[in-house]
Amino acid sequence: MNKSQQSRIFVASALFILLIAASFIFGATVFIIGAVAIVTSFIVEILSSKARKETFDFTSFWITPLVITLLTTPTIISEVWMVSIATAFGVFFAKSLWGGQDKNVFNPAMVGLIFIALAFPVQVNNFLNPVLNVIAPVTPATQFKTNPTSVLNTYSYWALLMGNYPGALGTTFKLGILILGTLLMVFKISDWKIPTTFLGAYFVLSLINGFTKTGINPFTYAVYSLLMGHLLFAALFVATDPQTAPLYTKGKIIYGLMLGIVTWMIQNVWVFNKLAPNTEGIIYSVTFMNAVVGLIDVWTIPKVKEIPALEELNI
């Protein structure tokens, strides 16, 4: 087993722990959603590897379906086939067609989620309130964009960290995301530069925006902004994908900063329709930045010291 395979196993294990945590919040049906996504990914991956006449890598099919599962609503269990479609679409069009593992340009999970978000916008935006056990039309992340004061008065930091509120089934338990994401960085499974610059840029922009909010502490507004929606999960488990991220240190910093800026703009600057903020614009910003990673790599290739001319070396 090589280092890349070991890293994928560690990441998949962390994601599965978050799935277990989600079962305590939203119920055991989250395992059905996860199983459907994993089986779909396995089928597409093994058929693709056979078509390419390559040896099937047993570590290659876990991460994408788990990310898709954790970023979907618990209520999708009634239309669980949508999860299968998202997984099949993402794995096939964003990974298999590019040559398989470690050859893709776009993050397969993000491509699959964008597909069902555009194809089935109503179904993917129904949420479950785990406390009242009723369908919630909006999440605290959406409320925060339109009425931040109500969220500040309703949810404490601890409540947001523990995840007992409507949201995607794997992204509400912020404490678990922070702990597991930090462990992956400590053990160098993921690179700390991308999530820190990503979240740092988003925090600074939110802090500036906080000064425009009447009666709200800008620092509190910025901290709450980081705890809303998919942001923390995406920064620690999606943006750090080594295949779709830049290769070099300077490029990773640029990538993280741009991710923060683009995500903030999508989620906060409502130029085209101020009545419809894209609360979870992270799936679009990651895909957009994946497309420019090649350019970032070209711009940030480390300079090699020039070799002295032979005559200068007296050779």
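Values quoted throughout were computed directly from the atomic coordinates according to the rules given, and no laboratory measurement underlies them. What you are looking at is a predicted structure, and each value in this text was computed from that prediction instead of being measured. So basically every Cβ, Gly included, is an ideal-geometry build from the backbone, and we count neighbours across all protein chains shown.
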Exercise for review: Please give the contour-minus-distance gain from Phe120 to Asp297: 0.36 nm per residue of separation, less the Cα-Cα distance, rounded to one decimal in nm.
Suggested key: 60.2 nm
Exercise for review: Please report, in debye to the nearest 20, how large the charge dipole of the range 136-262 is about its Cα centre when each Lys and Arg carries +1 at its beta carbon and each Asp and Glu carries -1 there.
Suggested key: 160
Revision key, fill the gap. From fewest to most C-beta neighbours within 10 Å, the residues Met110, Met1, Met162, Met82 line up as Met1, Met162, Met82, Met110
Practice item. Would you pull out the residues with amide H under 5 Å of Ala136's amide H, same chain only if 5 or more places away, H placed 1.01 Å from N? Key: Phe127, Leu128, Asn129
**Study point:** D (Stokes-Einstein, µm²/s), Kirkwood Cα radius, the chain, 1.567 mPa s at 4 °C
**Key:** 64
Study note, to complete from the structure: So for R0 = 41 Å, FRET eff. of Thr214-Lys188 from the Cβ-Cβ r, to 0.05, ends up at 0.40
Point to revise | Mean projected area (nm²) of the alpha-carbon convex hull when the range 22-181 is viewed from all directions | key: 9.9
Exercise for review: In vacuum, with every alpha carbon of the range 158-274 counted as one equal point scatterer, what does the Debye formula give for log10 I(q)/I(0) at q = 0.24 Å⁻¹? Two decimals, please.
Suggested key: -1.39
Revision key, fill the gap. On the formula 1/(1 + (r/R0)^6), with r taken between the Cβ atoms of Lys250 and Phe56 and R0 of 30 Å, the FRET efficiency rounded to 0.05 is 0.25
Check your understanding: If r is the Cβ-Cβ distance from Met162 to Trp81 and R0 is 45 Å, what FRET efficiency results, to the nearest 0.05?
Key -> 0.90
Check your understanding: For the chain, list the DSSP H helices whose alpha carbon atoms reach 15 Å or more along the long axis and whose average Kyte-Doolittle value is -0.5 or above?
Key -> 3-26, 29-51, 81-94, 108-119, 174-186, 193-210, 249-268, 282-299
**Study point:** Size of the range 90-171 as Cα extents on the principal axes (Å, biggest first)
**Key:** 50, 26, 24
